[in-house]
1. Find the residue count for region 31-54, including only residues that are small (Gly, Ala, Ser) and within 12 Å of the chain's Cα centre (by Cα).
2. All but one of (1) touching a Leu at 6+ places or on another chain (Cβ under 8 Å); (2) over 19 Å from Lys102 (Cα atoms) hold for Gly36; state the number of the condition that does not hold.
3. Could you check region 67-96 and list, in sequence order, the residues that are touching a strand residue (DSSP E or B) at 6+ places or on another chain (Cβ under 8 Å), over 15 Å from Tyr10 (Cβ atoms) and at pLDDT 95 or above?
4. Any residue that is under 22 Å from Thr103 (Cβ atoms), surrounded by fewer than 19 Cβ atoms within 10 Å (Cβ to Cβ) and under 12 Å from the mean Cα position of the chain (by Cα) - is there at least one of those in region 6-22?
5. Listed residues Ala88, Ala96, Ala53; which is over 23 Å from Leu5 (Cβ atoms), surrounded by 14 or more Cβ atoms within 10 Å (Cβ to Cβ) and either in contact (Cβ under 8 Å) with a residue 12 or more places away in the chain or not hydrophobic (A, V, I, L, M, F, W, C) (or both)?
Amino acid sequence: MASDLEFADYVCDQMRDAGLITHRKMFGEFAIYCDGKVVGFVCDNTLFIKPTAAGREAAGPIEEGLPYPGAKPHLLVRERLDDRDWIARLVRVSAAELPLPKTRMPKKQSAH
């Protein structure tokens, strides 16, 4: 089941105090970015945050789940999504431990 754009927008609004929060549609779901880093996913209208040591500590006891088949377990955010301070802190500390995305080399134009 694909996620709703309205839900992805709500998720981003809830965590807006963490930094520059954006989303990108991918395969009917959404990748969530904080300051250019992928920090999580919205899949089936559920928020999954990439696990980091600081994120686990900030989250406290939290359920884990798989955002998509073959994924590693992520932090599963349900009821606490409505707690703006909590979700912004979780995203901020998680993003601090995550690497920036690798830069892609531009594709070479083939000569005709």
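1. Within region 31-54, residues that are small (Gly, Ala, Ser) and within 12 Å of the chain's Cα centre (by Cα) number 3.
2. (2)
3. Pro73, His74, Leu75, Leu76, Leu90, Arg92, Ser94, Ala95
4. Among the residues of region 6-22, at least one is under 22 Å from Thr103 (Cβ atoms), surrounded by fewer than 19 Cβ atoms within 10 Å (Cβ to Cβ) and under 12 Å from the mean Cα position of the chain (by Cα), which makes the answer yes.
5. Within the list Ala88, Ala96, Ala53, the selection yields Ala96.
The values are calculated or read from the model by the stated rules, or taken from the named source; none is laboratory data. Computed from a prediction, not measured in an experiment: that's the story for all the values here. Virtual Cβ from ideal backbone geometry, glycine too; neighbours counted across all protein chains shown.
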